[in-house]
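Shown next, in structure tokens, is the structure this report addresses.
The values are calculated or read from the model by the stated rules, or taken from the named source; none is laboratory data. Quantities reported herein were computed from a predicted structural model and do not represent experimental measurements. Cβ coordinates were reconstructed from backbone atoms using ideal geometry, including for glycine residues, and neighbour counts include every protein chain displayed. Please note that ligands, DNA and RNA were not included when accessible areas were found on the heavy atoms of the full protein model with its side chains. Shrake-Rupley method; radii C 1.70, N 1.55, O 1.52, S 1.80 Å.
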Amino acid sequence: MKPKPDSLIAYNVLEKKIINAGFCTLCGACEAACPVGAIQLKGEKIHRLHDCSKDIDLCPICYEICPHSEALLLRSLSFVADAPARNEAFGYYRKIVLAQAVDPKLREQSFGGAVVTSLLKYGIEKQVFDSAIVSQSEPENPAKPKPSVALVPDDILSAVGSKFFPSSVAKAYGGAVYGYGKTQIAFVGVPCHILALRKLEAWQHKISGNLKITIGLFCFGSFSLSPLLEYLEKKYKIKPSEIKQMRLSSKFVVQTEKKVIRIPMSEIEEHILPSCRTCTDFTSEFADISVGSAYPLKDWSTVIIRTKAGEDFFYDAVENGIINTWVIEQEPKVIERVIVAAMQKRENALREAKELEEVYGYIPIRLLRETDALAHFKVKEIMTKAITTVPNNITVSKFLDLVAVHHHVGYPVINENGEPIGWVTLEEAAKVEKNKRDKTLVGQIARQKLVIAYPEDTALAAFIKMRKFEIGRALVLDPDNPKKILGIVTKTDLMHTLTKQY
Ligand SMILES: Cc1cc2nc3c(=O)[nH]c(=O)nc-3n(C[C@H](O)[C@H](O)[C@H](O)COP(=O)(O)OP(=O)(O)OC[C@H]3O[C@@H](n4cnc5c(N)ncnc54)[C@H](O)[C@@H]3O)c2cc1C
Ligand code: SF4
Ligand code: SF4
Ligand code: SF4
């Protein structure tokens, strides 16, 4: 029998482009989605149990569902795209707040706001959902996540805290549907986990209808389990079974019964999974609700509410006294940290992807690419008109207060006549030393290089200019009066335009 072409059997592409290329983050979505049970995720490896091409002629599922393939992205984004606000750091959102569990014991255990644990416990107790997919700890190796189907509050409580290694939560989701017959499932995971679930929904896979709510975690990356544990054993004489907890603050903190060591991230970053280096999503942009730390505030979490379902569930828990909230605009340092982390992650990922592409050719990751679809839209149809400009003579401190209120990442800088003279971004402002922020003016740090677009340009032309100058936003000027700003167009606006076609 003639072998079937690679493109007809998705596994061949998955194996070549994702698994063998080192992009797999072991979520198990391919196993959960495979219609003939041909894939199994065991330990730190994907196994092909049998050659599915003998059963079927054509199957695109496992590659399309994989969060590291380029497929189904726009359709997945459409699940959050009705939110009223969007920007380059947070994605689509309705509200951003600070939150914490009312229960102080939970906060102590989580080393954060314990918002995720409190929401899940509340949801199970009130029967908002019938189960939740969480990552507990392996008893003999507490740093290692044990993906589990939580059925009662105690299962949720034993999953409190972050484990910084891959967790096959999408496989556990499949187990909840097939093994336990659950129909209203809450799901917690890092951004690539959430995307895998959204792709199942976009595909209209039969198990996707059982998903009730997704809670995404912010994520800088996950470590390769065995290499990092071996490193800790060799350098710090810490056996995996002795690790009580790992947590992230300004350093990576490893705690045992006897000692606490604080490791600079640069020392262990070589053990971060290859896929994380080209991952652009920091804040779980596809989730109903996203949760991350609220550094430098202890005991609080940053919560981004994206969907109506997420909003209803979150505020139900607030109204029932489970969660406290606080206005994030009162804490500019928290907003600054989240935006800077998100933008740095995206920029590093794009740089890494470009380098990889030059060496290996096309790599399948989540980037906005040049597409003819953008030629159908004019800049005037997609630009943001209500813009906030920043005078060049205000201080960096004043600018940071302004960012906390408006949440945008980049702002056009204007001179005393109201004419555009450059851009200022939060990242540039954050680089100014704290004790110099009251004396440094925005005009001194503004980027002079501007990408200019005009209302009648196509979105494609604007995108090509942005890519050429490696700037994620363009200023839209009035062609009859080039000193008058009419709006801004960002890569996020372009993505939004494409998403709206679904
Ligand atoms: C790999 C990883 C990297 C992260 N990086 C950052 C970061 O750079 N910046 C930042 O602000 N926040 C990061 N976070 C999120 C942060 O550590 C907290 O998880 C988040 O702030 C929620 O806090 P909480 O107190 O509400 O969570 P908790 O109430 O303690 O609940 C945590 C939940 O996370 C789930 N979980 C734990 N480990 C995993 C895992 N490996 N995969 C999937 N689910 C898991 C558990 O099931 C649990 O329900 C990261 C989390 C992970 C897992
Ligand atoms: S049958 Fe399973 S392994 Fe084969 S291509 Fe489809 S999803 Fe992939
Ligand atoms: S779906 Fe998940 S487990 Fe499967 S190849 Fe992709 S990342 Fe790996
Ligand atoms: S950085 Fe991206 S790919 Fe890596 S674990 Fe986090 S979400 Fe997944």
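Quick notes on this structure:
- Of the residues making up segment 19-42, just one is touching a strand residue (DSSP E or B) at 6+ places or on another chain (Cβ under 9 Å), away from ligand 2 (no atom under 13 Å from the Cβ) and on the phi > 0 side of the Ramachandran plot, namely LEU26.
- Residue check, GLU269 part of a helix (DSSP H, G or I) and within 16 Å of ligand 4 (Cβ to nearest atom): yes
- For segment 419-443, a residue qualifies if it is surrounded by 13 or more Cβ atoms within 10 Å (Cβ to Cβ), at pLDDT 90 or above and polar (S, T, N, Q), and exactly one does: THR440.
- Hey, ASP154 touching a residue at least 24 places away in the same chain (Cβ under 8 Å), more than 30 Å from GLN330 (Cβ to Cβ) and open to solvent by 30 Å² or more (accessible area, probe 1.4 Å) or not: no
- Considering segment 170-189, and only residues there that are within 21 Å of the chain's Cα centre (by Cα) and farther than 18 Å from LEU119 by Cα, the residue that is surrounded by the most Cβ atoms within 10 Å (Cβ to Cβ) turns out to be ALA170.
- The set of residues in segment 464-482 being loosely packed, with under 15 Cβ neighbours inside 10 Å, in a strand (DSSP E or B) and either among the aliphatic types (A, V, I, L, M) or touching a strand residue (DSSP E or B) at 6+ places or on another chain (Cβ under 7 Å) (or both) consists of ASP478 alone.
- Checked against (1) under 30 Å from PHE23 (Cα atoms); (2) at pLDDT below 85, ASN348 passes all but condition (2).
- Test: LEU211 is closer than 17 Å to THR25 by Cβ, more than 14 Å from ligand 4 (Cβ to nearest atom) and among the aliphatic types (A, V, I, L, M): no
- SER131 vs. criteria buried (at least 24 other Cβ atoms within 10 Å of the Cβ), in contact (Cβ under 8 Å) with a residue 24 or more places away in the chain, near ligand 1 (Cβ under 10 Å from one of its atoms) and among the hydroxyl-bearing types (Ser, Thr, Tyr): no
- Output for segment 12-59, where each listed residue is within 24 Å of GLN204 (Cβ to Cβ), at pLDDT below 90 and acidic (Asp, Glu): ASP55, ASP57
- Contacts under 9 angstrom Cβ, first residue in segment 318-344 being among the hydroxyl-bearing types (Ser, Thr, Tyr), partner open to solvent by less than 30 Å² (accessible area, probe 1.4 Å), 6 or more apart: THR325/VAL97; THR325/LEU98; THR325/ALA99; THR325/GLN100; THR325/VAL303; THR325/PHE314
- Looking only at residues of segment 1-11 that are in a helix (DSSP H, G or I) and either within 8 Å of ligand 2 (Cβ to nearest atom) or among the aromatic types (Phe, Trp, Tyr) (or both), we find that the one that is modelled with the lowest pLDDT is ALA10.
- Residues of segment 301-353 satisfying the condition of being within 20 Å of LEU248 (Cα to Cα) and surrounded by fewer than 17 Cβ atoms within 10 Å (Cβ to Cβ): LYS333, GLN344, ASN348
- Among the numbered conditions (1) out of contact with any Lys or Arg (no Cβ under 9 Å at 6 or more places or on another chain); (2) touching a residue at least 60 places away in the same chain (Cβ under 8 Å); (3) within 16 Å of ligand 4 (Cβ to nearest atom), the only one that LEU98 does not meet is (3).
- Count - residues of segment 214-234 that are open to solvent by 10 Å² or more (accessible area, probe 1.4 Å), closer than 30 Å to SER131 by Cα and either within 16 Å of ligand 3 (Cβ to nearest atom) or among the aliphatic types (A, V, I, L, M) (or both): 5
- Residue match in segment 422-429 (condition: touching a residue at least 60 places away in the same chain (Cβ under 8 Å), among the polar types (S, T, N, Q) and farther than 30 Å from ILE304 by Cα): no
- Filtering segment 54-74 to residues that are surrounded by fewer than 18 Cβ atoms within 10 Å (Cβ to Cβ) and either away from ligand 3 (no atom under 16 Å from the Cβ) or among the aromatic types (Phe, Trp, Tyr) (or both) leaves LYS54, ASP55, ILE56, ASP57, LEU58.
- Answer residue from segment 28-43, given it is open to solvent by 10 Å² or more (accessible area, probe 1.4 Å) and part of a loop (DSSP other than H, G, I, E, B) and is nearest to ligand 4 (Cβ to nearest atom) among those: GLY43
- Residues being of a type in the set (Val, Ile, Thr) and modelled with pLDDT under 95 - total across segment 80-112: 1
- Filtered residues of segment 399-418 (kept if farther than 14 Å from THR490 by Cα, within 29 Å of the chain's Cα centre (by Cα) and open to solvent by 20 Å² or more (accessible area, probe 1.4 Å)): ASP401, LEU402, VAL405, HIS406
- Test for LEU157: is it away from ligand 4 (no atom under 16 Å from the Cβ), out of contact with any Phe, Trp or Tyr (no Cβ under 9 Å at 6 or more places or on another chain) and not hydroxyl-bearing (Ser, Thr, Tyr): yes
- Matching residues, segment 138-151, being surrounded by 15 or more Cβ atoms within 10 Å (Cβ to Cβ), modelled with pLDDT under 95 and farther than 18 Å from LEU41 by Cβ: PRO142, ALA143
One line per residue, one yes/no per condition, for (1) under 29 Å from GLU357 (Cα atoms); (2) among the charged types (D, E, K, R):
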site: PHE23; (1), (2): yes, no
site: LEU26; (1), (2): yes, no
site: GLY37; (1), (2): no, no
site: LYS42; (1), (2): no, yes
site: HIS47; (1), (2): yes, no
site: ASP51; (1), (2): no, yes
site: ASP57; (1), (2): no, yes
site: PRO60; (1), (2): yes, no
site: TYR63; (1), (2): yes, no
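- Number of residues in segment 272-306 that are within 22 Å of LEU211 (Cβ to Cβ) and in a strand (DSSP E or B): the value is 7.
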